[in-house]
Amino acid sequence: MTDKDTQPANSLTREEILEEAMNVFYAKGVKDLNETELFEGLKISPNAFYSMFRNKEDLLEKAVRHNIKRDREIHEDLRSKSKNAVEELMSLLRHGVNVIKNISPVYINDLVNYYPGIMRIGVQNMQDYTLDLYSTIINRGIKEGLFRSDINIQIVTRVIMENVYVMINYRTFPPEKYSPGEVVRSIYLYYFRGLCRPEGAQIVDEYFSNHSF
């Protein structure tokens, strides 16, 4: 069955519904989002919804998996446009920050406390895909002479990933007090500069100067 076969009356394809569902969950959370709010947010009728999804949790799981797939496609596009490994790493970071800016603390809290199985999907993606991706980029940067050759790649990639959890810790950095961009700068600017040789550090400085986070 294709997306066109399951296309509801509002003319959104199944993929578009999954993408819009993530926007709704990011903004409103999951646990306390009732069906009426969900249908209104997706601009979809109950009949159309239940023709594609069993319930809210089924939609959430499918939306998260679709979002991971879409994110990987975006990563490949960004990487193909990057001139070097440092720019590659910076562009992926900037994309991730732009995504995080739209995620409410309620969504994160709901996944951690009420939907641990779905939370594990994202964690597993980081373990299976993101760590390997960053390792590949850092290896490229070492070969390009932009990253230091004496760094421990396995440790460095895990520190980069763990800093993501630090960045989205809303208790430590409440968004009403700390802007995401400033948190990112404070966490990553100096860390990435420390990984780089002088040529790479200059690219990091220029990227942070020329792009908003």
Original post:
Of these, Tyr170, Tyr178, which one is among the aromatic types (Phe, Trp, Tyr), open to solvent by 80 Å² or more (accessible area, probe 1.4 Å), over 22 Å from Ser82 (Cβ atoms) and not in a helix (DSSP H, G or I)?
Top reply: Tyr178
**OP:** For region 146-167, name all the residues that are in contact (Cβ under 8 Å) with a residue 12 or more places away in the chain and part of a helix (DSSP H, G or I).
**Re:** Ile153, Gln154, Val156, Thr157, Arg158, Val159, Ile160, Met161, Asn163, Val164, Val166, Met167
Original post:
Picking from Leu131, Leu33, which residue would you name as being out of contact with any His (no Cβ under 9 Å at 6 or more places or on another chain) and not in a helix (DSSP H, G or I)?
Top reply: Leu33
Original post:
Taking helices (runs of 4 or more DSSP H) that fall entirely within region 75-125, which contain at least 2 residues that are of a type in the set (A, V, I, L, M, F, W, C), in contact (Cβ under 8 Å) with a residue 24 or more places away in the chain and farther than 20 Å from Ala21 by Cα?
Top reply: 85-100
Subject >> Hits in region 106-121 (condition: open to solvent by less than 30 Å² (accessible area, probe 1.4 Å), closer than 23 Å to Pro174 by Cα and not hydroxyl-bearing (Ser, Thr, Tyr)) >> reply: Asp110, Leu111
Original post:
Given the residues Arg70, Arg79, which is the only one that is closer than 16 Å to Leu131 by Cα and charged (D, E, K, R)?
Top reply: Arg79
**OP:** Considering each residue of region 143-167, count those that are under 28 Å from Asn109 (Cα atoms) and open to solvent by 70 Å² or more (accessible area, probe 1.4 Å), and give that number.
**Re:** 4
**OP:** Return yes or no: is Arg140 touching a helix residue (DSSP H, G or I) at 6+ places or on another chain (Cβ under 6 Å), in contact (Cβ under 8 Å) with a residue 12 or more places away in the chain and open to solvent by 50 Å² or more (accessible area, probe 1.4 Å)?
**Re:** yes
Original post:
Does Phe39 count as hydrophobic (A, V, I, L, M, F, W, C), in a helix (DSSP H, G or I), farther than 22 Å from Lys101 by Cβ and open to solvent by 20 Å² or more (accessible area, probe 1.4 Å)?
Top reply: yes
Original post:
Among all residue pairs at least 6 apart or on different chains, which show Cβ distances below 7 Å where the first residue, located in region 28-42, is farther than 18 Å from Pro105 by Cα and the second is among the hydrophobic types (A, V, I, L, M, F, W, C)?
Top reply: Leu38/Val24; Phe39/Phe49; Gly41/Val24; Leu42/Ile17; Leu42/Ala21; Leu42/Val24
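The values are calculated or read from the model by the stated rules, or taken from the named source; none is laboratory data. Since the structure is predicted, the reported quantities are computational estimates derived from the model, not experimental observations. Glycine also receives a Cβ, built like all others from the backbone with ideal geometry; neighbour counts cover every protein chain displayed. With ligands, DNA and RNA removed, areas are computed over all heavy atoms of the protein, side chains included. Shrake-Rupley method; radii C 1.70, N 1.55, O 1.52, S 1.80 Å.
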